[in-house]
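The values are calculated or read from the model by the stated rules, or taken from the named source; none is laboratory data. The shown structure was predicted, so the numbers you read here are calculated from the model rather than taken from an experiment. Every residue, glycine as well, gets a Cβ built from its backbone with ideal geometry; the counts of neighbours run over all protein chains shown. When the accessible area is computed, the model is the full protein with side chains, heavy atoms only, and any ligands, DNA or RNA have been set aside. Shrake-Rupley method; radii C 1.70, N 1.55, O 1.52, S 1.80 Å.
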Amino acid sequence: MSEPTQKYSVTMPRDIAEEAKARSGPSGLSSYVTAAVARQIERDKLGELIAACEAENGPVDPAGVEAKLAIFDEVESTHPGQVA
């Protein structure tokens, strides 16, 4: 069973609303906006998690991040489509 829904009224610039409506496809504008808001909530939560981790452990080392990304790139080049 799907989650119950509630009707809301939002205000946004017309050009953004029209672009979203044009891109929403058969699922409709409500589904498109719901997916966009869900992605933003995920990003917000990730930002909160990063901030909490940095508060506990200090800032993330950019060189360390680059080293880890290089590992993913290497694995992806030898095993295309298998890195998730």
Residue pairs qualifying under the 7 Å Cβ cut-off, at least six apart or on distinct chains, with the first in the range 56-84 being at pLDDT 90 or above and the second being surrounded by 10 or more Cβ atoms within 10 Å (Cβ to Cβ), are Phe72/Val83; Val75/Val83
Among all residue pairs at least 6 apart or on different chains, which show Cβ distances below 6 Å where the first residue, located in the range 7-32, is without any contact (Cβ under 8 Å) to a residue 60 or more places away in the chain and in a helix (DSSP H, G or I) and the second is surrounded by 10 or more Cβ atoms within 10 Å (Cβ to Cβ) and among the basic types (Lys, Arg)?
-> Leu29/Lys21
Name every residue in the range 56-77 that is open to solvent by 90 Å² or more (accessible area, probe 1.4 Å) and assigned to a helix (DSSP H, G or I), in order of residue number.
-> Glu56, Asn57, Pro62, Glu66, Lys68, Ile71, Phe72, Asp73, Glu74
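Could you please find all residues in the range 5-55 being hydroxyl-bearing (Ser, Thr, Tyr) and either in contact with a strand residue (DSSP E or B) (Cβ under 6 Å, 6 or more places away or on another chain) or surrounded by 10 or more Cβ atoms within 10 Å (Cβ to Cβ) (or both)?
Step one: list which residues in the range 5-55 are hydroxyl-bearing (Ser, Thr, Tyr), which gives 5, 8-9, 11, 24, 27, 30-32, 34.
Correct list: Ser24, Ser27, Ser30, Ser31, Tyr32, Thr34.
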